[in-house]
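Participant: One structure is given below, represented as structure tokens, and several questions about it will come after.
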């Protein structure tokens, strides 16, 4: 049964999240954002995934929808075995199994997600199938894998020889000590705006290297790793998923933009929400990207060396993000 038919048959009993008396904290400096005119094709993504972002941007220029372009872009990175924290070739968990997580949102507010998926490379595309072909939002583990085969996805070995070699080296000490910006933080979150001014997004990852079996981070969780509201804009997160989950960071950024903040200021406020609440931010990274309906973009992180790719006007460039930790060092 298709999602829309299912919702109609149940009377759409499930209502959206209602926030009563819990308006987001707004810093004194805000920027009103225009929402009247589409800004043309724009694609942004976390980190330096230049090829995936370019592919998404060129798809937008060719007239493809925001969601089609986002999935096309992240799928390229899922298939790229040189990326050791996205898709095929990702680092495994402590049991030696590569497990993938992903979610998507379209411009109509629909969402799909898969968590703890083995043997399937293109999990962002699978998350779209969950969104469009089932009455659910999230499928997990064996159930998600079974659904993938029903949708004619191919079974693949995700552990590459290089990933296996890294895992065997890790087993010698079996210590979990992620390195900020180098290991475990290569999630790709992508936001796209098409020629109609519609916004969509996708987020996909293999998660923390050598994580506990069954661990799921922020990336496939709607509102944490990714959130889209086509009336306002979208946001995506990367870094230590446990900390992003605690703040429902991407949803927070969109709500801050709804209340007048620019994408840049909203990303800064979301990062600072973690900084204020954590005992210490010395040993972990949290980063966000955002785009509003006017086509304005922003990014911010706790530590240095986070960047975003941005495609617009046929130009795909890497933009280094501003960051917080320098304030503590000065």
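Taken together, the values in this text are just the output of simple stated rules run on the coordinates, not laboratory data. Here the structure is a predicted model, which is why all the values come from computation and not from measurement. Note that we place each Cβ from the backbone using ideal geometry, even for glycine, and neighbour counts take in every protein chain shown.
Participant: Give me 195, 172, 211 sorted ascending by neighbouring Cβ count inside 10 Å, so fewest comes first.
Facilitator: Ordered by Cβ neighbours within 10 Å, fewest first: 172, 195, 211.
Participant: What order do you get for 133, 296, 152, 268 when you list them from fewest to most C-beta neighbours inside 10 Å?
Facilitator: Values: 133 15, 296 18, 152 7, 268 24.
Lowest count first: 152, 133, 296, 268.
Participant: I've got another one for you. Label points 7 Å out from Cα along the Cβ direction at residue 305 and residue 175: separation in nm?
Facilitator: If labels sit at residue 305 and residue 175, their model points lie 1.8 nm apart.
Participant: Neighbouring Cβ atoms within 10 Å as the yardstick, rank 218, 106 fewest first. Mind dumping the intermediate values first?
Facilitator: Numbers: 218 32, 106 23.
Ranking 218, 106 by Cβ neighbours within 10 Å, fewest first, gives 106, 218.
Participant: By how many nm would the segment from residue 325 to residue 160 lengthen if fully extended, with 0.36 nm per residue of separation less the alpha-carbon distance? Kindly include the intermediate steps, with their values, before the conclusion.
Facilitator: Numbers: separation 165, 0.36 × 165 = 59.40 nm, distance 3.56 nm.
Between residue 325 and residue 160, full extension yields an extra 55.8 nm.
Participant: Further question: Binning every alpha carbon pair distance of segment 42-182 at 10 Å from zero, what are the percents per bin?
Facilitator: Computed distribution, short to long bins: 12, 37, 35, 14, 2, 0.
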